[in-house]
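Okay, so here's the structure we're looking at.
The values are calculated or read from the model by the stated rules, or taken from the named source; none is laboratory data. The structure presented is a predicted model; accordingly, all values stated were derived computationally and were not measured. All Cβ positions, even for glycine, are placed from backbone atoms using ideal geometry, and neighbour counts span all protein chains on display.
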């Protein structure tokens with residue numbers, strides 16, 4: 001095993017006045033493990049983030065008109081893990097919220113994921129839950145080996161629903177046809193024979209009552225934790241003393257990408273604040289409306305549905321996928337996974353650096369999965 005510090009000959013060893021752990025990134029992965037190391041292991045922890053706020057992409061703030069918004073796109077918390085929910089409940093109260101999504105298809109706003117009402121309203125039918133199963137079976141195409149995102153959908157619900165709900169959205173989101181993407185992309189979206197129109201069915205579905213940022217601030221308020229914002233870790237890594245590093249950024253960037261850059265999909269966000277029509281508090285019937293086949297953006301989210309905030313105005317965000325910009329989504333293709341494994345092998349050689357989080361793992365994790373990974377990583381670090 002090699003030491004990362006050997007790459008920086010001037011790096012001071014951790015000792016008196018130094019830090020036990022340097023955490024790179026103040027998002028879910030970094031904040032959770034910093035809190036655990038400080039409060040449970042008694043460590044002195046330095047958290048460094050190049051942004052000027054905590055929370056990573058889950059950061060929220062109030063805009064100029066006093067509306068609580070998510071600058072980096074909507075973050076809806078859901079989990080089946082009691083451990084994750086109970087842990088986060090130490091730092092926030094919750095507002096119960098079940099997310100609903102409609103898709104703009106053929107001039108209608110239809111439930112997404114596809115359910116019984118979606119099919120009946122789209123095709124003018126009156127099927128029952130039992131009959132819609134037969135409908136899907138008749139529409140489905142036989143696929144010998146389900147390898148791509150296209151295979152997943154057409155083998156489940158057929159070509160027409162695939163074209164109307166999935167293909168255009170996926171092409172915009174990823175810049176690739178579903179036939180070029182791993183099956184995991186569309187496998188995340190279920191198909192239902194009931195009228196359940198919730199986007200998620202997890203046991204715990206809620207939003208932090210006072211916002212994500214307040215939750216992160218409480219998480220990082222431990223006296224053993226020092227937070228440096230607006231700071232690139234490379235500027236301090238060889239100056240301040242530390243013993244171990246937890247790195248939550250993009251793994252290829254850590255290695256200056258010696259094997260080539262890992263592809264990520266980025267997003268551009270257009271935030272607008274408007275006055276709702278007279279007598280209404282919102283402009284959309286649900287939190288998010290998907291646009292698979294119209295407009296350049298993939299979806300529009302109205303924050304008041306998520307936050308429950310009462311305000312005379314309302315704020316929406318429109319998401320435009322891009323190939324350039326901050327990394328948001330690892331691109332799931334076999335050649336990218338193979339490239340990641342080269343970086344993973346390099347990471348395993350380092351004795352004093354631990355890699356966690358979506359970008360460091362090159363994995364499309366939900367927020368609760370990142371929290372779970374951080375909690376399990378903490379246990380492994382403290383009790384190897």
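Among the residues of region 135-149, which ones are more than 23 Å from residue 120 (Cα to Cα) and either in contact with a strand residue (DSSP E or B) (Cβ under 9 Å, 6 or more places away or on another chain) or not in a loop (DSSP other than H, G, I, E, B) (or both)? Correct list: 147, 148, 149.
Taking region 56-75, which residues are touching a helix residue (DSSP H, G or I) at 6+ places or on another chain (Cβ under 8 Å) and more than 20 Å from residue 265 (Cα to Cα)? Passing the criteria: 60, 61, 67, 68, 69.
The residues on offer are 285, 327, and the sole one that is assigned to a loop (DSSP other than H, G, I, E, B), in contact (Cβ under 8 Å) with a residue 60 or more places away in the chain and surrounded by 17 or more Cβ atoms within 10 Å (Cβ to Cβ) is 327.
Results for (1) in contact with a helix residue (DSSP H, G or I) (Cβ under 9 Å, 6 or more places away or on another chain); (2) within 30 Å of residue 34 (Cβ to Cβ); (3) touching a residue at least 24 places away in the same chain (Cβ under 8 Å), shown as yes or no for each residue.
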{"site": "157", "(1), (2), (3)": "yes, no, yes"}
{"site": "185", "(1), (2), (3)": "yes, no, yes"}
{"site": "193", "(1), (2), (3)": "yes, no, yes"}
{"site": "214", "(1), (2), (3)": "no, yes, yes"}
{"site": "228", "(1), (2), (3)": "no, yes, yes"}
{"site": "234", "(1), (2), (3)": "no, yes, no"}
{"site": "241", "(1), (2), (3)": "no, yes, yes"}
{"site": "245", "(1), (2), (3)": "yes, yes, yes"}
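Being in contact (Cβ under 8 Å) with a residue 60 or more places away in the chain and either part of a strand (DSSP E or B) or over 16 Å from the mean Cα position of the chain (by Cα) (or both) is a property that holds for residue 347.
The one condition from (1) assigned to a loop (DSSP other than H, G, I, E, B); (2) in contact (Cβ under 8 Å) with a residue 60 or more places away in the chain that residue 336 does not meet is (1).
Would you tally the residues in region 300-324 being assigned to a strand (DSSP E or B), touching a residue at least 60 places away in the same chain (Cβ under 8 Å) and within 18 Å of residue 57 (Cβ to Cβ)?
Result for region 300-324: 5.
Within region 61-117, if we keep just the residues that are in a helix (DSSP H, G or I) and assigned by TED's automatic domain parsing to the domain that holds residue 167, the residue that is surrounded by the most Cβ atoms within 10 Å (Cβ to Cβ) turns out to be 116.
The strands (runs of 3 or more DSSP E) found wholly in region 212-274 include none carrying at least 2 residues that are outside the structural domain of residue 25 (by TED's automatic domain parsing), surrounded by 19 or more Cβ atoms within 10 Å (Cβ to Cβ) and on the phi > 0 side of the Ramachandran plot.
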